Structure formats: structure tokens, C-alpha cells
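Student: Below are the C-alpha cells for one structure; questions will follow.
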Amino acid sequence: MSGPAPSKLSPELVLRAYACGIFPMAEGRRRGNIFWVDPEVRGVLPLDAFHVSKSLARTVRRGVFDITRDGAFGSVIRACAEARPETWINDDIIDVYCELHRLGFAHSVEVWLQGKLAGGIYGVALGGAFFGESMFSGTTDGSKVALVHLAAHLKAGGFRLFDVQFVTDHLKQFGVVEVPARYFLERLDEALAVQADFYSGDVAAALGGLLAQSRTQTS
């Protein structure tokens, strides 16, 4: 961590931070202190080598879940905050990201099962970069399905960089790679020069391409 953030975050400040490769995190769900985080290594999910296991691909193809985008952003970020005992998402973080969503910079993908929110993921789009923040699962494969659909939206929209901040066991199955900060910043500069669009492109075709990759990959 590089130091404390101001007591009151603003959307403009957070966007400037993302453009510099840093992001805010709170000390805990009920704690007010927020810090800027500047990792020495970064987790990146390559969209051209995104891995979908055969079993997960079958789940997505079966269509048991209903998928929406930006349909319940506030519910997703709050579910992410409550999903684990130790979290970096407090009320100040929730407020500023909901404002970023209202301004068109923060987005979510929701997974629904029988009318109930069963999983989701949210993050921030800036130029051709998407910064994944957090995900949650309320049922088996809920967060995984959300991540696959998010990747399809990013491919369809022309995004060049999918930042996931840190490498985790959960993300390893999707092909996450760890890159040095210097390399990440170079990739970030290139991505920021691109004008991607979260709502454009053929998402169905992009999703089909991701699932087709699973046929040549091991589960």
C-alpha cells in the first residue's frame, strides 16, 4: 500500500488513480480508513487466452441462469461486501463506485436463478481497460458464470486489458497471469489510448468463441 487516501473519495479522484495503476481499498467493512494500493506485481486475465473449463462451458451453454448487465449494480457491490468476513469494501467505497456506475464508468454483470441474484461481478471501465474489483457467488458457479459473461462483453466491446489486481486460486483456472508493475503500466497506457465500449459488439459471438476454446483445453 502506498499511503492513505483522502477521507472522502470522489469519482474523479478514483478514475485518476486507476489511470495511474493504483486503486483504493478500505481496511474493513466497518472501518473508515481507505488506502491506495500499488502492487509490485499485477494479476491480468488475457482475453485472447481466457480459459473456460469444459464443465463450466456446459453450465453456461445449458442456460440455467439469466444474465443481465448493469441491472443491479448496487446489489452486486453490496453482496460482494457481505460475501466474506474480511473485505476491502466499506460504505465509502460502495458510495463512490455507485456514483461511478451512475456516471457510466462502473459496470456489473448479474447472474439470476429463479428471479434471485445468484452471482455477480463489478469493475471499472476506462478507455480500453477494465479493472475487475470483486465478485460473489450465491450458488454453485454463480461467480464463474458472471466472469465468463463479463469476459465476453469485454471482448465484444474491444477492451485490451482486463486487470484483476491479484492472482488468486479462483482466477488461476481462467488463465490469470502475474506481470510486473512496469509491464502492467505499459499495457495500461496502451489500453487507455483505446476507446472501448462495454455495450457494443456481438456479445453472443464473443461468448461462443470463449466457450469454443474450452473444447481444446483441459477441464
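Student: Mind listing whichever residues of the range 107-122 are at negative phi and free of Cβ contacts under 8 Å to residues at least 24 places away in the same chain?
Tutor: Lys116
Student: I would also like to ask the following. Which residue is farthest from the chain's Cα centre (by Cα), if the candidates are limited to the range 171-216 and must be farther than 26 Å from Gly142 by Cβ and of a type in the set (Lys, Arg)?
Tutor: Ranking the qualifying residues of the range 171-216, first place goes to Arg182.
Student: Further, regarding this structure: Val164: farther than 19 Å from Gly21 by Cβ and of a type in the set (Val, Ile, Thr), yes or no?
Tutor: Answer is no for this residue.
Student: Taking the options Ala156, Ala212, Ala196, Ala152, name whichever one is out of contact with any Leu (no Cβ under 9 Å at 6 or more places or on another chain), under 15 Å from Leu47 (Cβ atoms) and among the small types (Gly, Ala, Ser).
Tutor: The conditions single out Ala212.
Student: To continue, here is another question. Can you confirm whether the range 50-62 contains a residue that is surrounded by 18 or more Cβ atoms within 10 Å (Cβ to Cβ), outside any loop (DSSP other than H, G, I, E, B), touching a strand residue (DSSP E or B) at 6+ places or on another chain (Cβ under 6 Å) and in contact (Cβ under 8 Å) with a residue 40 or more places away in the chain?
Tutor: No: zero hits.
Student: Only one of Ile89, Ile121 is modelled with pLDDT under 95 and surrounded by 21 or more Cβ atoms within 10 Å (Cβ to Cβ); which?
Tutor: Ile89
Student: Right, next: Can you name every residue in the range 156-191 that is in a helix (DSSP H, G or I) and touching a helix residue (DSSP H, G or I) at 6+ places or on another chain (Cβ under 6 Å)?
Tutor: Ala156
Student: Of (1) under 17 Å from the mean Cα position of the chain (by Cα); (2) of a type in the set (D, E, K, R); (3) outside any helix (DSSP H, G or I), Arg30 satisfies all except one. Which?
Tutor: Tallying (1) under 17 Å from the mean Cα position of the chain (by Cα); (2) of a type in the set (D, E, K, R); (3) outside any helix (DSSP H, G or I), Arg30 fails exactly one: (1).
Student: Let me ask you something else. Of the residues Ala125, Ala106, which is under 23 Å from Leu15 (Cβ atoms) and in contact with a helix residue (DSSP H, G or I) (Cβ under 6 Å, 6 or more places away or on another chain)?
Tutor: Unique residue meeting the criteria: Ala106.
Student: All but one of (1) at pLDDT below 95; (2) surrounded by 18 or more Cβ atoms within 10 Å (Cβ to Cβ); (3) aliphatic (A, V, I, L, M) hold for Leu45; state the number of the condition that does not hold.
Tutor: With (1) at pLDDT below 95; (2) surrounded by 18 or more Cβ atoms within 10 Å (Cβ to Cβ); (3) aliphatic (A, V, I, L, M) applied to Leu45, the lone miss is (1).
The values are calculated or read from the model by the stated rules, or taken from the named source; none is laboratory data. Because the structure is a prediction, the values reported are computed rather than measured. Quick reminder, even Gly has a Cβ in these numbers, built from the backbone with ideal geometry, and neighbours come from all protein chains shown.
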